[in-house]
Amino acid sequence: MSVDFNIADRLQEVAEQRGGHWALADGDHPEADRLSFEDLDEDATQLARGLLHEGFEPGDRVLVFIKPSLDFFALVWALFRMGAVPIFIDPAMGTKPVLRAIREADPQRVVAIEAVLWVAKFYPSVFSGVKTWIRPQSVGLLGRSLPELRKLGAKSNARVRHPAGREGLAAVLFTSGSTGFPKGVLYSHGIFDGQRAALGASLGIQPGEVDFSAFPLFSCFSLILGASVVVPNMDTTKPGAVDPTPVLESIDRFGVTYAFGSPAFWRRLVASRRRNALQGLSRVLMAGAPAPPDLLKELLRSISPRADVFTPYGATESLPVSMPSARRYVQGFLTRTLEGEGTWVGRPVEGVELKIIPITDEPLDEIEEELPPNEVGEIIVRSAVTTPGYFMRPVADAAAKIHAGDGPTWHRMGDLGYLDEAGHLWFCGRKSHRVVTRAETVFPVQVEALVNQHPRVFRSALVGVGERGRERPVLVIECRSGERPRGRQDRRRLAGELETASGRPDLAAVLFRASLPVDARHNAKIRRELIKEWAEGHVR
């Protein structure tokens, strides 16, 4: 394994192989010239030289807050190449979580839109360590602009490639914070390269394909797999509110072969009258939250019979773990989900080692026991794409990592599930969401799959009220449009039907809400901790 490695080497290799083939196109400006792989590689080099001229150094933590654009991709590859460490924080998390993440990351440089400067003026202590400000646009109050850095870089012949090594820190990616405070995950150059290889192999991505992704960082992998990328013409921070028409027009116009988005994103697209544009896709990728069976079926009806939908299972700390096919799921395994056995997520991809261990909330120094097939426990994984820890979070490291002496670090996914006799993994929900009664531990995903089959239910959440170990299960329902209970009698009748469907005679209550709160990043993960808090106030 070469010590002298930089993930930006992969972009240079693709540029040498694919040269003048287009790498990037702006979905908002189809008439504009497309940027070739050769031009992207050169632009990243010029920007890196400009950044060095401006005082950036290898190892500098650089907060990146610019919108998906041609500039975004050139900047990310420039930072990788020169050995700086980009920090990615999702602005959709909200002001307080974002400020907490910035304070924790303590960036030395910032490349951001003008709005971030105004935030910094109101919260100067959060940005106290920042030495340099860079803005993407030519006009503004921040320091130099990216166009200025390009001009500076064009005049320089400075060597910019930093020999980071496979273990060298490449980036800090913050989690969404949907199950707690966001944490900065440490990504090495080698881990990014491992993900490139894993995604390419498990999805069969070939040079010459075209990617449209509502998760812009995913498209960085597409580029180093030789695929062209359409910069998304949408607000990627609000996938549940996307206007499907321009997105579908881009998919059609650019000949997109695979596209990636959350369930909320895809629900908007399949509801459009122009969804026939999806017929040209060979793969649909959906992640960020469990994929509802009705949406999977609708997507499969919307794409070519030769195409498929994939729902990668993993986490920011280890991705991918598995790559289940929706066609396989719907045609076979879905029956078991609908019987309350959990959600099938397939076998681990090649190179991923996975175990099921007894459930505990305590830190673990070693793996003392591995559970047999069909017994629900905690999912742990290790592989070439499993991250080593968090940025400045020793307590979180202790809770999430197991440093076994027989190889790489294990990551505790924070999820519960089991392996069946054939080695297939079944997901049963987040560990923090389990309901522990006096008699047993209840796994919400299994119960909700039963309840969600009711024709009036859009989605549901089973939560526990009361003290852990003595919790009482409560079912909270979001009905389909126009299906909310009408009057007390209808409410009682519907609640009775849902209690029967759940198979839980011990339900403390069935409650109804106009909508269930969901996470900011994907607009799809149910915020069960908020529902639990709300339910506590509505159950005697």
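Only lysines eight or more places from Lys355 in sequence, or on another chain, were considered; those with a Cα closer than 18 Å are Lys401, Lys431. With the simple model of a label 7 Å out from the Cα in the direction of the Cβ, Leu530 to Arg488 spans 3.1 nm. Taking the Cα centre of each part, how many Å lie between the stretch 36-96 and the stretch 239-286? Here the answer is 28 Å between Cα centres. Which option, (i) 54, 40, 27; (ii) 40, 26, 24; (iii) 58, 27, 20, is the value of semi-axes √(5λ) of the Cα gyration tensor in Å that was calculated from these coordinates? Computing semi-axes √(5λ) of the Cα gyration tensor in Å and matching it to (i) 54, 40, 27; (ii) 40, 26, 24; (iii) 58, 27, 20 gives (ii).
Over the chain, with the other protein chains present, what is the accessible area per residue in square angstrom, probe 1.4 angstrom? It would help to have the intermediate numbers written out before the result.
Numbers: 22940 Å² over 540 residues.
Here the per-residue accessible area is 42 Å².
Each of the GluC sites (Glu not before Pro) that DSSP puts in a loop and that has at most 15 other Cβ atoms within 10 Å breaks the chain; the longest unbroken stretch is 168-338. Taking a ≥ b ≥ c as the square roots of the eigenvalues of the Cα gyration tensor, an a/c ratio of 1.5 or more together with a/b no larger than b/c marks the stretch 79-177 as oblate.
Enter the mean projected area of the convex hull around the alpha-carbon atoms of the stretch 392-540, in nm², rounded to one decimal.
Averaged projected hull area, Cα only: 12.3 nm².
For the chain, averaging the sequence separation of C-alpha pairs within contact (under 8 Å, six or more residues apart) and dividing by the residue count gives a relative contact order of 11 percent.
Considering only alpha-carbon pairs that sit under 8 angstrom and 6 or more positions apart, the relative contact order computed for the stretch 250-356 is 20 percent.
If you sort the three axes of the alpha carbon gyration tensor as a ≥ b ≥ c, you get a/c of 1.5 or more for the stretch 445-492 and a/b no higher than b/c, which makes it oblate.
Per-atom-type breakdown for the chain gives carbon and sulfur 50% of the accessible area (1.4 Å probe, protein chains only).
Spatially, the stretch 181-205 and the stretch 309-358 are offset by 18 Å when compared through their Cα centroids. Rounded, prolate or oblate, given the Cα gyration tensor of the stretch 130-175, with a/c below 1.5 counting as rounded? Oblate shape, in that a/c is at least 1.5 and b/c is the bigger or equal ratio. With runs of 4+ DSSP H residues as the only contributors, calculate the mean residue ellipticity of the chain at 222 nm using -39,500 (n - 2.57) per run, divided by the residue total and rounded to the nearest 500. The per-residue figure over the chain is -9000 deg cm²/dmol.
Considering only Val210, Phe254, His189, the residue lying farthest towards the positive end of the dipole of the chain is Phe254, judged by Cα position with unit charges set on Cβ. Computed on the stretch 1-118, with alpha-carbon pairs under 8 angstrom and 6+ residues apart, the relative contact order is 26 percent.
For the chain, the Cβ-based charge dipole about the Cα centre amounts to some 1900 debye (Lys, Arg positive; Asp, Glu negative; other atoms uncharged). Applying both filters, DSSP loop and at most 15 other Cβ atoms within 10 Å, to the trypsin sites (Lys or Arg not before Pro) of the stretch 39-139 gives Lys131. Annotation note: trypsin sites (Lys or Arg not before Pro) in the stretch 287-336 located in DSSP loop regions with a Cβ neighbour count of at most 16 within 10 Å are Arg306.
Since only Thr337, Met93, Val230 are under comparison, the one whose Cα sits farthest along the positive direction of the charge dipole of the chain, derived from C-beta charges on Lys, Arg, Asp and Glu, is Met93.
Within a straight-line Cα-Cα reach of under 14 Å, Lys297 can be paired with the following aspartates and glutamates, leaving aside sequence neighbours fewer than 8 residues apart in one chain: Asp308.
The values are calculated or read from the model by the stated rules, or taken from the named source; none is laboratory data. Keep in mind that this is a model prediction, so the values were computed, not measured. Using ideal geometry, Cβ is built from the backbone for each residue, glycine included, and neighbour counts are taken over all protein chains shown. To get the accessible areas, we keep the full protein, side chains included, count just its heavy atoms, and leave off ligands, DNA and RNA. Shrake-Rupley method; radii C 1.70, N 1.55, O 1.52, S 1.80 Å.
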